[in-house]
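Undergrad: After the structure tokens below, expect a handful of questions from me.
Where a number appears in this text, it was derived from the coordinates with a stated rule and is not lab data. On a predicted model such as this, the values are computed, not experimentally measured, just so you know. Cβ atoms come from the backbone with ideal geometry, glycine included; neighbour counts cover every protein chain shown.
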């Protein structure tokens, strides 16, 4: 089981993104093999971004965006986790603990969902989540993907250099 952060999905669906090809290659290998846990905020973030992309360059029309979102949440191996009162309390605790390192509300909700479902692995390109040593972290924007095992320290300077290489 793993969680896949919103930005990875956005790169996957946005064929104009420079990160698209690496994410496509990685995610196509994962999609049918892994159980994917989605915090309910993730499809909302994807929708927001894909509709914004549509407004800017018309790459995707509104119907295509809707179809993408429905196909994602209806994937057989994808489990969408709703927000409830207890999860909100967990989000508040995570914000108290990690706000100083840049973890905001949406990221805290993803982390709380992972903790509730006992998910140990997240695919993300978010430097703040990548810095959380408690999880196994995969950044499929790079080829090969950047993989940080639980407990492994995130090297931000190395990350920045890798980003420059894919530009």
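Undergrad: Please arrange 137, 18 by how many other C-beta atoms lie within 10 Å of their C-beta, fewest to most.
TA: If I rank by nearby Cβ atoms, fewest first, I get 18, 137.
Undergrad: Any idea what the relative contact order of the chain is, in percent, if you count C-alpha pairs under 8 Å spaced at least 6 apart?
TA: 26
Undergrad: Kindly rank 35-46, 88-99 from highest to lowest mean number of other beta carbons found within 10 Å of each residue.
TA: Going from most to least packed, we get 35-46, 88-99.
Undergrad: Can you pull the one-decimal nm distance between simple spin-label points at residue 47 and residue 24, each 7 Å off the Cα toward Cβ?
TA: For residue 47 paired with residue 24, the spin-label model returns 2.6 nm.
Undergrad: In deg cm²/dmol and to the nearest 500, what is the mean residue ellipticity at 222 nm of the chain if only DSSP H runs of at least 4 residues count, each as -39500 (n - 2.57), divided by the residue total?
TA: Result for the chain: -16500 deg cm²/dmol, rounded to the nearest 500.
Undergrad: What's the exposure ranking of 138, 101, going from fewest to most Cβ atoms within 10 Å?
TA: Working: 138 23, 101 11.
Listing 138, 101 from fewest to most nearby Cβ atoms yields 101, 138.
Undergrad: Which ordering of 20, 125, 48 is given by a fewest-first count of other beta-carbon atoms within 10 Å?
TA: Final ranking by Cβ density, sparse to dense: 48, 20, 125.
Undergrad: While we're on this one: For the pair residue 156/residue 134, report the inter-label distance in nm, with labels modelled 7 Å from Cα in the Cβ direction.
TA: The two pseudo-label positions are separated by 2.0 nm.
Undergrad: Once label points are set 7 Å from the Cα along Cα→Cβ at both residue 84 and residue 147, what is their separation, rounded to one decimal in nm?
TA: 3.5
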